[in-house]
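Data first, discussion second: the structure below is written as structure tokens.
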Amino acid sequence: MLIRRLFRTPLTWIAITVLAAGSAFGLYWFQPWKLLTDAEVAERLSTVATPATSAAPTGSATPTSSAPPASPDAAAATLVSSGDFISHEHDTSGSARIVRTVDGQHRLELVGLDTSNGPDLRVWLTDQPVIEGRDGWHVFDDGRWVELGRLKGNRGDQGYAIPNDVELSDLTSVSIWCKRFAVSFGAATLG
């Protein structure tokens, strides 16, 4: 009887409406199900040229092979800079590298990325230093940054084109940036 009377009052329906709207907004804003799901990406990454070593083994009087030393692959990309991710707000591992492709374009590649999924994750190149611990979580929007796009997946290999007008000389780090909460999930110094 008390419950019937309670549901007949306008104040009860207002409270129910406010709670339902608040819950819907909270679910949209925080997207807690993303902490339980992963988005795996397996894009093909650039083949990066590495210098060949042609030193003869120590103590050998004659070369063991008459073949000419290997030369770098003419169709391979050139490594510009690279670094390993450190964890910030969420455990993050893998590496990041900037390569110059054969056609002269620059591309950021995330190799073996493993981080948490989350709402509104972006990939940023920044001029801020990578600081370990909680002090490094919020620094990347303090200076110059370039957003390369939404994070394609929280696990795996993925690449992002860097626009031609981006000056790379002072962009020394990459961050997996949660734009909604202004926090870095993880970052890497590019050196």
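In the range 164-191, what count of residues is obtained for those that are of a type in the set (Val, Ile, Thr), assigned to a loop (DSSP other than H, G, I, E, B) and either in contact with a Pro (Cβ under 8 Å, 6 or more places away or on another chain) or under 17 Å from Asp91 (Cα atoms) (or both)?
Matching residues across the range 164-191 total 1.
Out of everything in the range 28-48 that is among the β-branched types (Val, Ile, Thr) and part of a strand (DSSP E or B), what residue ends up being modelled with the lowest pLDDT?
Val48
With the structure loaded, tell me whether Gly118 is under 21 Å from Ala42 (Cβ atoms) and part of a strand (DSSP E or B) or whether it fails that test.
no
Take the conditions among the polar types (S, T, N, Q), touching a residue at least 24 places away in the same chain (Cβ under 8 Å), in a strand (DSSP E or B) and in contact with an Asp or Glu (Cβ under 9 Å, 6 or more places away or on another chain) and apply them to Gln158. Does it pass?
Judged against the criteria, Gln158 is a match.
Looking at His138, His90 in this structure, which one is part of a loop (DSSP other than H, G, I, E, B) and more than 25 Å from Val41 (Cα to Cα)?
Result: His138 is the single residue among His138, His90 that is part of a loop (DSSP other than H, G, I, E, B) and more than 25 Å from Val41 (Cα to Cα).
Within the range 112-133, can one find any residue that is modelled with pLDDT under 95, surrounded by 19 or more Cβ atoms within 10 Å (Cβ to Cβ) and within 12 Å of Gly186 (Cβ to Cβ)?
Yes, that holds for at least one residue.
The values are calculated or read from the model by the stated rules, or taken from the named source; none is laboratory data. Quick caveat: nothing in here was measured; it's all calculated off a predicted structure. Glycine also receives a Cβ, built like all others from the backbone with ideal geometry; neighbour counts cover every protein chain displayed.
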